[in-house]
1. By how many nm would the segment from Ser87 to Asp197 grow when fully extended, if each residue of separation counts as 0.36 nm and the alpha-carbon distance is taken off?
2. With the Cα gyration tensor of segment 51-132 giving a ≥ b ≥ c as the square roots of its eigenvalues, does the rule (a/c under 1.5 for rounded; else a/b larger than b/c for prolate; else oblate) give rounded, prolate or oblate?
3. Using label points projected 7 Å from each Cα along Cα→Cβ, tell me how many nm separate Arg6 and Thr129, to one decimal.
4. Between Asp206 and Lys159, how high is the FRET efficiency from 1/(1 + (r/R0)^6) when r is the Cβ-Cβ distance and R₀ = 30 Å? Nearest 0.05.
5. Which entry is the computed P(r) over Cα pairs in 10 Å bins from 0, in percent for this structure: (i) 8, 34, 40, 16, 2, 0; (ii) 8, 32, 31, 20, 7, 1, 0; (iii) 8, 33, 35, 16, 6, 1, 0?
6. Would you mind checking which residues have amide H under 5 Å from Ser160's amide H? H placed 1.01 Å from N; only 5 or more apart, or other chain.
7. Post the alpha-carbon centroid distance, segment 167-207 to segment 32-53, in whole angstrom.
8. Starting with the highest mean, order 175-185, 52-62 by the number of other Cβ atoms within 10 Å, averaged over the residues of each peptide.
Amino acid sequence: ESDSWRVGYGGGVDFDPRECGITRADSSVYVTDASAGGGSVIAVDSRGGTVVWQSPAAGETYHTPVVGPHLYLPNNDGTVYALDKESGDTVWTYQTETRGLVPPLSYCDGTVFLSDTLAGEVVALDAKTGTQLWRTPVEPSEKRGDEPSGLSSPVSTAKSVLVGASRGGVTAFDRDTGNVRWQLPGLSVDSNLAVTDDAVYAAVNDGLLRIEA
């Protein structure tokens, strides 16, 4: 007996599979449908394929949901939403200064981290309440007038949150306080970072960079 199932048009939910992000946690699969001008998040039972809920709360988004105590994702207006995993109801929201597409969020040990690109800051939010715990600017190593520095998605380690910047190199922030632990300036980092126990990897303009952790 096969445990396969399919949910789609006519299956109790309407979404465009060409524009979606998907993640799984516990007994549910969560899907985001970009659907320009609308958009929704859908929760599907992972065993039977039953649609548990569909929420239009966050609206249009191109990001995969991040799972913690709630479900987290930013929409295309730069608003971060925390949705209840059981119902899809909005628990809290946080408005970034970017007011546009921000890099993917990350979650670690009760905290949601985000890169607010227009503000040039990394922000830490309490995952349960949305309370801002800290926000710290990424100091640019190259001035380009008022042009903001592009920021990568935050990556967490045991003690740090690391972010790459198009004109700020790589910066490591203390995960609890937001204080800058170290910065490697003079680089243009336009990729996300890959972090291991002993190194940080980033794509720079002339190749792949390995930084000793």
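1. Between Ser87 and Asp197, full extension yields 35.9 nm more.
2. oblate
3. A separation of 4.8 nm, rounded to one decimal place.
4. It comes out at approximately 0.50.
5. Of the listed options (i) 8, 34, 40, 16, 2, 0; (ii) 8, 32, 31, 20, 7, 1, 0; (iii) 8, 33, 35, 16, 6, 1, 0, (ii) comes from this structure.
6. Amide H to amide H, under 5 Å and 5 or more residues apart or across chains, Ser160 pairs with Arg175.
7. About 34 Å separates the Cα centre of segment 167-207 from the one of segment 32-53.
8. 52-62, 175-185
The numbers here are math on the coordinates, done by the rules we state, and not lab data. In this text the structure is predicted, and so the values were computed from the model without any measurement. Glycine also receives a Cβ, built like all others from the backbone with ideal geometry; neighbour counts cover every protein chain displayed.
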